[in-house]
Amino acid sequence: MEEGGKQLCEAAKNGDAEKLKTLIDSGADVSYFDGEGLTPLMHAAQLGHAAAVKALLEAGAPWNALNPSNISAGDLAMNAGHEEAYELLLNAGIQAELVLGTIARRENNNGEWNDDYLEDRVSFSEDKLMDAENKAVMMAWENPLMEAHAKAVCSNGGHILNIGFGMGLVDTAIQKYSPASHTIVEAHPNVFQRMLDDGWDKKENVTIICGRWQDVVHELPTFDGIFFDTYGEYYDDLREFHQQLPVLLKPGGIYSFFNGLCGGLKMDGDLHNWWYYDYT
Ligand SMILES: C[S@@+](CC[C@H](N)C(=O)[O-])C[C@H]1O[C@@H](n2cnc3c(N)ncnc32)[C@H](O)[C@@H]1O
């Protein structure tokens, strides 16, 4: 078994897709980690061998496995500028998230909304917001990212929407830009109570809405900037929110979001990626 794995790594380094297929057909383990903690897929990805990446993904190689530095095959391809290999890995990740999200949703609640997180208590400490399982919903170290998101979504000024208050980091940053209006949608009752305790309902340009975005989105006006960062949701929810954007965002408006969709076989918590879209 180990010998097969080593041979796979060798073939992956050489970009030999035919050899990979022969080895896979003879039972070699595509999940093999070599002495450096790299899988065959990571070797193919970091050298930009797209055909080898494709063959390994088709054989079920784990796209989200991490090397000892917590780096996935997708990261390796991206860092080395191998666009084709990176696209293959990104698509594999998105497809897996879609399928796993749908299965998880069905298993959890027969297709109904997963409201475990929203029904359980959350707790605040100085630098964290934790859920009932002691997993971090939000942490203070994310502040610089939140400030960057706020800067992006406020760059046109005007009317701003934020979905998911958490620790209020992004909302505090948004307030520094003095938007014409600042609407915040928050679903968790404990978090919402915290917003009231901290006087967010008293701020002149702020409207706070207690509820799931799914339940209130159709009553919202349009915005010049929108930020989205929820917790305990699935990729499907993010996609569903993105489908609302053509109506919710004014022409030329800026949208940015935070999510937990990156590879995470060895990861705890919620490491976020970020992108922003400019709907011009
Ligand atoms: C990661 S935190 C947001 C952190 C925030 N960006 C900050 O800067 O502190 C996610 C928040 O989204 C809220 N949330 C989860 N699901 C939601 C939903 N469907 N609609 C609105 N808010 C939701 C959670 O209660 C939580 O407060």
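The values are calculated or read from the model by the stated rules, or taken from the named source; none is laboratory data. Worth saying up front: this structure is predicted, and the values here are computed from it rather than measured. Cβ coordinates were reconstructed from backbone atoms using ideal geometry, including for glycine residues, and neighbour counts include every protein chain displayed. Just so you know, the surface numbers come from the protein's heavy atoms only, side chains and all, with ligands and any DNA or RNA stripped out. Shrake-Rupley method; radii C 1.70, N 1.55, O 1.52, S 1.80 Å.
At a glance:
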item: Which of ASP116, ASP229, ASP201 is most accessible, then next, and so on - probe 1.4 Å; result: ASP116, ASP201, ASP229
item: Segment 116-278 - accessible surface per residue (Å², probe 1.4 Å); result: 49
item: Over the chain: helical MRE at 222 nm, DSSP H runs n ≥ 4 each giving -39500 (n - 2.57), nearest 500; result: -12500 deg cm²/dmol
item: Percent antiparallel among DSSP beta bridges (both partners in the chain, rounded to 5); result: 40
item: Cross-link pairs LYS151/LYS202; LYS176/LYS250; LYS128/LYS176; LYS54/LYS135; LYS151/LYS250; LYS54/LYS128 - those with Cα-Cα distance over 29 Å; result: LYS54/LYS135; LYS54/LYS128
item: Inter-label distance for ALA148 and PHE33, nm, one decimal - labels placed 7 Å from Cα along Cα-to-Cβ; result: 2.8
item: Full-stretch length increase - SER181, THR22 - with 0.36 nm per residue and alpha-carbon distance subtracted; result: 51.1 nm
item: ³J(HN,Hα), Karplus 6.51/-1.76/1.60, whole Hz, each residue of segment 30-44, x for Gly, Pro; result: 6, 8, 5, 10, 7, x, 8, x, 10, 8, x, 4, 5, 4, 4
item: Nearest-10 value in Å² for the accessible area of PHE257, using the 1.4 Å probe; result: 10
item: Exposure rule at most 13 other beta-carbon atoms within 10 Å, DSSP loop GluC sites (Glu not before Pro): the chain longest free segment; result: 205-280
item: MET139 accessible area, 1.4 Å probe, all protein chains in place, Å² to nearest 10; result: 50
item: Rough spin-label spacing in nm, given labels placed 7 Å along Cα→Cβ, for SER123 and ALA96; result: 3.3
item: Approximate spin-label separation GLU84-LEU196, in nm, with each point projected 7 Å along Cα-to-Cβ; result: 5.9
item: Accessible carbon and sulfur surface of the chain relative to its total accessible area, %, 1.4 Å; result: 48
item: Solvent exposure of segment 1-109 as accessible area per residue, Å², 1.4 Å probe; result: 51
